[in-house]
Structures are given as structure tokens and as C-alpha cells.
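The next block holds one structure in the form of C-alpha cells; read it before the comments.
The values are calculated or read from the model by the stated rules, or taken from the named source; none is laboratory data. Keep in mind that what you see is a predicted model, and the values were worked out from it rather than measured. Cβ placement follows ideal geometry from the backbone for every residue including glycine, while neighbour counts extend to all protein chains displayed. SASA here: full protein model, heavy atoms, side chains in, ligands and nucleic acids out. Shrake-Rupley method; radii C 1.70, N 1.55, O 1.52, S 1.80 Å.
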Amino acid sequence: MTPYLDYTVGAPVADTRAPAGPIEQRWDRRRFEAKLVNPANRRRHTVIVVGTGLAGASAGATLAEQGYRVVQFCFQDSPRRAHSIAAQGGINAAKNYRNDGDSVRRLFYDTVKGGDFRARESNVHRLAQISVEIIDQCVAQGVPFAREYGGLLDTRSFGGVQVQRTFYARGQTGQQLLLGAYQALSRQIAGGGVEMHPRTEMLDLVVVDGRARGIVARDLVTGEVSTHLADAVVLATGGYGNVFHLSTNAKNSNATAVWRAHRRGAWFGNPCFTQIHPTCIPRSGDHQSKLTLMSESLRNDGRIWVPKAAGDTRPPGEIPEAERDYYLERMYPSFGNLVPRDIASRAAKAVCDEGRGVGPGGQGVYLDFADAIARLGRDTVSARYGNLFEMYERITAEDPYRVPMRIYPAVHYTMGGLWVDYDLQTTVPGLFAIGEANFSDHGANRLGASALMQGLADGYFVLPPALNDYLARQESEPLDPGHPQVEAVRQEVVERLDRLLSVRGDRTPESFHRELGRIMWDECGMARNDAGLRRALARIPELRQEFWRRVTVPGTGESLNQQLEKANRVADHLELAELMCLDALHRTESCGGHFREESRTEQGEALRDDEAFSYAAAWEFTGTGRAPVLHREQLDFEYVHPTQRSYA
Amino acid sequence: MNLTLRIWRQAGPDDPGGFSTYRVGDISPDMSFLEMLDTLNETLALRGEEPVAFDHDCREGICGACGMVIDGQAHGPQPTTTCQLHMRHFEDGATVDVEPWRAAAFPVVKDLVVDRSALDRVIGAGGYITAPTGSAPEAHATPVPKEAADAAFEHAACIGCGACVAACPNGSAMLFTAAKVVHLNLLPQGAPERSSRVRGMVGAMDAEDFGGCTNTGECATACPKGIPLSAISALNREFLRGTLR
């Protein structure tokens, strides 16, 4: 057994800073109790925001509107390209425009239940409350949501829910919401409120006297490594799904910012809670560089099935109705094809494991629109999903109007992330984490159309008052850029990059990433067990050592060098992967997206162990490859009582 | 299948640059063009040569990061982004030319990577609706006719890849600018800034190194998101309206 497995248990999380009192009043109470910074004084405070996705762009724009001096970073060539742009299906809000029984209370309830009772109630309730303001804000910005003929907003259903509360802009909701936030940010950049650094990647966090005071970043074009100082740092850097190599994340999405922050003292919450999305286009070969999602909204009208008999290789059109198994409709009659993602993914894996999968390698199930086209007509189906159908056809050369889509689960989202309190502050004072980068609102499984909601809630509405409060309570003294601790961090970054460039080995960063991804998918993917996780925990440190011995990075650090960028990200993935596996090993229950084969009900569903695991795991870093310290945040459910989730 | 690639290599903005020839074998028809370049880059890296630099990120046709001129066409022979162009559209044994976007306003950073920040500056000059956080009225306070909302969406689908500029013989950014002006000016929420928006954005566009529009229409042909050429006439109308009043 490696020493890494001998983690110790530290003091539990003493205070989440969530206000007391009735849950409906907590957010109001926090806003009232939060200290304010006089508008005239805000310009004197500098806030660094890293990332320009929904959370980062909305935070940067809002903080600048309020008068703070914002310095913002993204590694893309433009803030408009952050990966929020790829979100397809929609954004939830408890508007109850349909009069179908929706309410803030129901969105709160659905989210806590959907997360399999592993989220903090106070945060989730706040998210549900804010959801309605987000839609107002986005409409005011000109986000072209889908509308009914009367001119009012249209909504649709999403998984795990029996009301229609998902607002959408065809299959490009993330794009339209991000462009709204990007445009608000652009207004601030043009007006001087935000100093924007595109093509600049954060490589480390500067902590001085126990507070986050800045970052070290590399200009990806010139290679210059520079230090930027501030009064607070906000990480809006997204999730870590790319640890798996193949995922629906963008190719350059990475965990470096959160991992570096973790190494500097920010605890990492529930790293094993990763979401496998049920509807992605299956892999076509070893050349595959990423996986493409097909929006969950397709499950509104598409029916999922496989042949009843294993090894049935007939084309789908030749398989008669009676020989098809619409397994989700059969197993979960009340939610049918709209069960939550974790359940739909595991069911797909189960039927493929039985040898009933379709397509090359039997790694796929059908998503069939024949009934919908017969019922609604091709035009209606096209109006709802046209762009998704086109995308599918471009990638697979198959026409989904005529042949059912083939889909298979893929890594999509990470519920885990930096541990934050009610104010989205990490355990490093002055360091905040928003959007997918934090662990806060989705528990062990995120419901569809809730990521966009959370990103914008954090950036537009939750972070700004929290930051006011933090800054109002600090003595703001400018930090000397020559402070030895500042220079030391910069020096560490430079040395690390030099090391990557100087190995000159015989394997590319991509080959290590691919190998790591295979380990993680096999042992820490849709289903996990003790033996597999131990295998991964033995193999990952070996791979990490091999990486530092054998990696090759051509070129120099003084210009655009995409291999160097990649190598640095893979190096961090090789550390984070280990913590993900340890977290998965220690949590011997199943919950949400975390499915331990040892812990299941007689029907094969995830079986929670509330006695032992009704907590969020917050891990403290102690050194590379050294056993971390576990801090437990006990979760109390005062309003939604934990039950075995049932969607049958 | 096998291809011969003639790829533009350029160390930096001041380097004159030139074509280098590479042979790539074992290409699967299901690969995207970028995955094919990935395999080339893996080979180059293992030989200790510098891989070909190109911008890319989402690889599902929505972030707008990728873009290269393939055999003289922006994003290549299909009406899609480079990341969504699959190798099944190429002939085995063919020679394919790969170049960066060519436009005065998009200086080459390295190889196939160009600087498109001029597009961000055009947006910053008015491509938004001023609605500070917290100030929004209830979303249903102003119904928007479905036709207007749908047309706004179609123009809002622009991904800012710059193919329109690269395809235009004049290097004009009219289609890009028009798409945003039409999107926002069609909506009631965009009405108060209707005139200042179009003036600001056109002014910013003129201040960059973009050329003028001569109605060639190459932009709309190259656009992977199908922004219609009619957007440009709408932009001209808006501009006239915004300057005469």
C-alpha cells in the first residue's frame, strides 16, 4: 500500500458561514449583513478574475459596473470562446410561466434530490431563488431565447424534473448566454473598467500572509511569466473533466488554476463527483480528440432503445417493434427517457455490458426520433433540434431524420471542485471560486440545464456582495511587487516550465494524457470498485514519474508553444487524478454520479449510506503524492429529507 | 488514406513565412481535419521538430477558435468550421494547401494562428445592450414577437471565427459587424442604443485594418453559421438611419 492511501482525518469544517434561520430568508439575511464598500472607494480595490465563461464574464462585468478595478485573464484568444459557449440545452429557472406547479421551493427540492442529497441546502435554495433574476437579466441583455407566438418565453423539460422550467435558445443556449455576458464584459473592457489579458494562462497563486494576493501567469504568445497582484482573486476556470482525456470539455480546458490553488492551501471538495453525460456521439477510433455531446433536450422527443437480443447486428430499421427494448421507459415508467443523467448513463452501460449495444464495438444505444417525426412532423422536429441533427450528421455521416442516432455516455461535468463556504470563498482567505470551479451546488449529480444557472448566479449575483463583504473587512495595503514570497512563486513557475522543456524524452504530453485518461475511464469512470481504484492509485504515481522522465516538449518557452501548455496541464492532471481516485475509494457508498459497485440496491440502483457519508469531503494538500488530510463538512437536511431516489 | 499537406509555417509576425510539405498517412475518413493535424503534430514532436501551431478549443463548431484556409477556402470545402470538417471529404493521395486567415486586420501570430482581437474591439464599441446587473425588468414585461426573436437568434449565431473576413477579397468585417447590429437592433431591448450602436461599431470597424465591402458575397458563402448576406444591407440601412437622425 502506498503512503498516499493513508490519509488522515482532520478537524471537521466548523463553519460554512451560511446564515441561520428559515431557509427562505437566509440569502436576504446575508445580503443585509454583508458589509459594503463605499462606491467611491471601490476603484482602489483590484480584483483578479481568471476565466471568462459564464461565471467569470458575468463576475468581471458586474464587479466593474460596481466600480472595482478588474484584471481578467483567459487562455483563449478572446473571452468569447470560453467553453460555456458549447452548452446546448438550456437554463433552469423557477419562473412558473407554465403554471405547471413550479416554484422556488420545487427547484430547490429537485436540485437537492437530483444531487442525491450531497449538496448544502442553504446554497441550493439561494440558487433557486436567484434563478428567476437570471432570466430577467439575460432578456434585458438581448439574449434571444426561444419564444412562443404570443411573444412570451418558451420553456421545455429536462431530465429529473416533471415541470417545464428550462429556457433555451435552440440548441445554443450556452452560446447565447455567454455572448450576453461577454458583451457586458466587452462594454467594461472598452470603458476601462476591466483590464483584459487574453491568451494568458494562470499558472500559480500568490498567497502572502495567508491571503490570496495575486497570480502568476504566462503570456502564451511571448512566453513571458509575470506576476499580477490584487486584493482578491476569483477563479472561474471551469471543471476538470479533461483529466479523463476524452470528454465533452474543450481541448484546452484544464485544472491547473484550481489545482495550483489547492496546492497553495485551498481544500478540494468531492473530487470524485464527476458527471457522465448519457447522450454523446460514440467514439469512432483511436484518433478521437474529444467527444461531442448531443443535448439532453433530445430526450424530450427521442426514444432510447437497444435490441432485446444480445448480438443482434441487424440495421435498426429491420428490427421490429416487438424486438426492441425501450429500456428507460420500461425501468422508469414515470420519468421514462427523462431520468437524471447518472441513471440514464448507467442504464446505457448496463445494456451494452449485456452485449446489446449497437454500432462499432457495441458501445452505443439508439436515440430514435421516428415516433416524434410521425407525431409532430419533420418541420417541428427540425425547429426544435435542427442544429443538433446537422451536427450529428456532419460527424457521423448518418442522417438522424432517417436512421436513429447512436449515443453513448461520456465525461461531461465535474460536480466536485474547490471547497467554498456560503460566500463562495475557499479556505484561502481572499480566494473565491465560482461556477464549475467550485463544488457547491450540485451534490453528487447535476441536473440538466443547471450549470448555466449556477455559473450566472455565482457571477452576477452571489459573488459581488460576498466580495464587498470581504474587501470591507480587510485593511487594504498595497503589496510590494518585490515581496520575496511573490518572486518565489514566479521563480517556481519558471523552473517548472524549464524542467518540462529540458527533459527531452521520447513521449509526447498527449500520449501521457491518453494513458491517464484510459486509467481514469476504466477505474474511476461510470462504475468504480475497490480493486480498480487501488490499481489506479498504484499506477498513477508511476505514470507521473514516467512523465517527468520521458516527456518531450520541442521548442522554447519564449514563444507560442502549445506543447508546453499541454505538458504543464497534463502534469497537473496527473496529480489531481490521484486525489479523485482516493476520494472515490474512501467513499464506499454510491451516490449520484459516484457509483460504487459494492453499494447498490437489489434493483441495481445507487445505494447511499447516509449514516457514514452524509458529508462533503474537503481534502487538504500536504505534498505531491503524500497522503492528504480529509475534513468533513457534515450535511444537514432540514427541508428535504433524504430518501432513496426513485424515478420509477 | 494518405495526403500531402503544404502548410504555411511562420515563426512570428515579423518572419516572412513559407510553405513546408508534409506527408500524413493512415488517415481515417472519420477524423476531423484538426485530428488529422494532431497526428502530424505528434509525429513532428517525436522527431523534435516544432509542431504546427493552430487555434482550436471546443472542437464542436461553436467556440469559433479554429480556422484555416484549406485549398484556398476559409474552413475548407464544406460549409462548417475546420474542427467539424471531416476527412471523408478529401480524396486519397491529394495535395492540400493549408494557410492562416489572410487579412490585414488579422496579423499572423505563428503558423496558422492569427490575432483576431480587432473583432473584440468592434463588439466593445457598441455590440451590447447596456443592462447593468440587477437593473433588469421582469422578463415578460416586454413581449418580443416570435419572428423578431427568431431572426435575432439567427444573426446572434455568429461565432466570431473571422472566416467572413478571411474569405473577403477586401478583408472586410461587414458581415461580422452586421450580424451583431441586426441581432441587437431587432429586439425591443436594443432599441434605445440602436443608433449609437451602429455608429460606434462601424466606426471601430473602420478604425481597424478591415477593408470596405464591395458586395462580393464571399463572406456569407464562407460563414459556417449561415449568417445571410442580407445582414449587410440591413447594416447599411441601420447606419444610414443612425447617422441621418
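Scanning the range B:120-134 for residues that are part of a loop (DSSP other than H, G, I, E, B), at the interface with chain A (Cβ under 7 Å from one of its Cβ atoms) and among the small types (Gly, Ala, Ser) yields B:ALA125, B:GLY127, B:ALA131.
Scanning the range A:339-358 for residues that are open to solvent by 30 Å² or more (accessible area, probe 1.4 Å) and within 29 Å of the chain's Cα centre (by Cα), we see that the one that is farthest from A:THR111 (Cα to Cα) is A:ASP353. Of note, A:ILE135 satisfies the criterion of being closer than 19 Å to B:ALA156 by Cβ, of a type outside the set (Gly, Ala, Ser) and open to solvent by less than 20 Å² (accessible area, probe 1.4 Å).
Scanning the range A:612-627 for residues that are closer than 19 Å to A:ALA571 by Cα and more than 23 Å from the chain's Cα centre (by Cα) yields a total of 6. Against the condition more than 14 Å from chain B (Cβ to nearest Cβ), assigned to a helix (DSSP H, G or I), basic (Lys, Arg) and open to solvent by 40 Å² or more (accessible area, probe 1.4 Å), how does A:ARG499 come out, does it pass? Against the criterion (more than 14 Å from chain B (Cβ to nearest Cβ), assigned to a helix (DSSP H, G or I), basic (Lys, Arg) and open to solvent by 40 Å² or more (accessible area, probe 1.4 Å)), A:ARG499 qualifies.
Taking the criterion of being within 14 Å of chain B (Cβ to nearest Cβ), open to solvent by 40 Å² or more (accessible area, probe 1.4 Å) and closer than 30 Å to A:GLU510 by Cβ, would at least one residue in the range A:295-304 satisfy it? No, because not a single residue in the range A:295-304 is within 14 Å of chain B (Cβ to nearest Cβ), open to solvent by 40 Å² or more (accessible area, probe 1.4 Å) and closer than 30 Å to A:GLU510 by Cβ. Out of all the residues in the range B:171-180, is one or more touching a residue at least 12 places away in the same chain (Cβ under 8 Å), at the interface with chain A (Cβ under 7 Å from one of its Cβ atoms) and touching a helix residue (DSSP H, G or I) at 6+ places or on another chain (Cβ under 8 Å)? No, the range B:171-180 contains no residue that is touching a residue at least 12 places away in the same chain (Cβ under 8 Å), at the interface with chain A (Cβ under 7 Å from one of its Cβ atoms) and touching a helix residue (DSSP H, G or I) at 6+ places or on another chain (Cβ under 8 Å). A:GLN141 - would you say it is closer than 30 Å to B:ARG116 by Cα, open to solvent by less than 10 Å² (accessible area, probe 1.4 Å) and within 7 Å of chain B (Cβ to nearest Cβ)? Answer is yes for this residue. The residues of the range A:569-592 that are open to solvent by 10 Å² or more (accessible area, probe 1.4 Å) and of a type outside the set (Asp, Glu), listed by number, are A:ARG569, A:LEU585, A:HIS586, A:THR588. A:THR588 meets each of the listed conditions (1) in contact with an Asp or Glu (Cβ under 7 Å, 6 or more places away or on another chain); (2) not in a loop (DSSP other than H, G, I, E, B) apart from (2).
Here the range B:1-27 is the region considered, the condition is being open to solvent by 30 Å² or more (accessible area, probe 1.4 Å) and in contact with a Gly (Cβ under 7 Å, 6 or more places away or on another chain), and the residue that is nearest to the other protein chains (Cβ to nearest Cβ) is B:ARG9. Scanning the range A:621-647 for residues that are part of a strand (DSSP E or B) and buried (at least 19 other Cβ atoms within 10 Å of the Cβ) yields A:LEU630, A:HIS631, A:GLU633.
Test A:ARG106 against the criterion of being open to solvent by 10 Å² or more (accessible area, probe 1.4 Å), at the interface with chain B (Cβ under 8 Å from one of its Cβ atoms) and part of a helix (DSSP H, G or I), and give yes or no. Give the derivation first.
On the way: open to solvent by 10 Å² or more (accessible area, probe 1.4 Å): yes; at the interface with chain B (Cβ under 8 Å from one of its Cβ atoms): no; part of a helix (DSSP H, G or I): yes.
Against the criterion (open to solvent by 10 Å² or more (accessible area, probe 1.4 Å), at the interface with chain B (Cβ under 8 Å from one of its Cβ atoms) and part of a helix (DSSP H, G or I)), A:ARG106 does not qualify.
Of all residues in the range B:77-88, at least one satisfies being touching a Cys at 6+ places or on another chain (Cβ under 9 Å), in a loop (DSSP other than H, G, I, E, B) and modelled with pLDDT under 95.
Could you list, in sequence order, all residues of the range A:479-496 that are assigned to a loop (DSSP other than H, G, I, E, B) and without any contact (Cβ under 8 Å) to a residue 12 or more places away in the chain? If you could, list the steps in order and put the result at the bottom.
From the range A:479-496, those assigned to a loop (DSSP other than H, G, I, E, B) are A:479-483; that's our starting set.
Of everything in the range A:479-496, those that are assigned to a loop (DSSP other than H, G, I, E, B) and without any contact (Cβ under 8 Å) to a residue 12 or more places away in the chain turn out to be A:ASP480, A:GLY482.
Tell me, please, whether a residue that is farther than 19 Å from A:GLN183 by Cα, of a type in the set (Asp, Glu) and open to solvent by less than 40 Å² (accessible area, probe 1.4 Å) can be found in the range B:59-66. The answer is yes; a qualifying residue exists. Being open to solvent by 10 Å² or more (accessible area, probe 1.4 Å), within 21 Å of the chain's Cα centre (by Cα), of a type outside the set (A, V, I, L, M, F, W, C) and farther than 28 Å from A:ASP480 by Cβ holds for only one residue in A:GLN172, A:GLN162, and it is A:GLN172.
Of all residues in the range A:1-19, those satisfying the criterion of being more than 27 Å from the chain's Cα centre (by Cα) and at pLDDT below 95 are A:MET1, A:THR2, A:PRO3.
Total residues in the range B:38-58 satisfying the condition of being within 8 Å of chain A (Cβ to nearest Cβ), in contact with a Lys or Arg (Cβ under 8 Å, 6 or more places away or on another chain) and crowded, with 18+ Cβ neighbours inside 10 Å: the figure is 4.
Considering the conditions (1) part of a loop (DSSP other than H, G, I, E, B); (2) acidic (Asp, Glu); (3) within 14 Å of chain B (Cβ to nearest Cβ), A:GLU133 is excluded by exactly one of them, (1).
Yes/no per residue for (1) more than 22 Å from A:SER295 (Cβ to Cβ); (2) modelled with pLDDT of 95 or more; (3) not charged (D, E, K, R):
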residue	(1), (2), (3)
A:VAL411	no, yes, yes
A:MET415	no, yes, yes
A:TRP419	yes, yes, yes
A:ASP423	yes, yes, no
A:THR426	yes, yes, yes
A:PHE432	yes, yes, yes
A:ALA437	yes, yes, yes
A:SER440	yes, no, yes
A:LEU447	no, no, yes
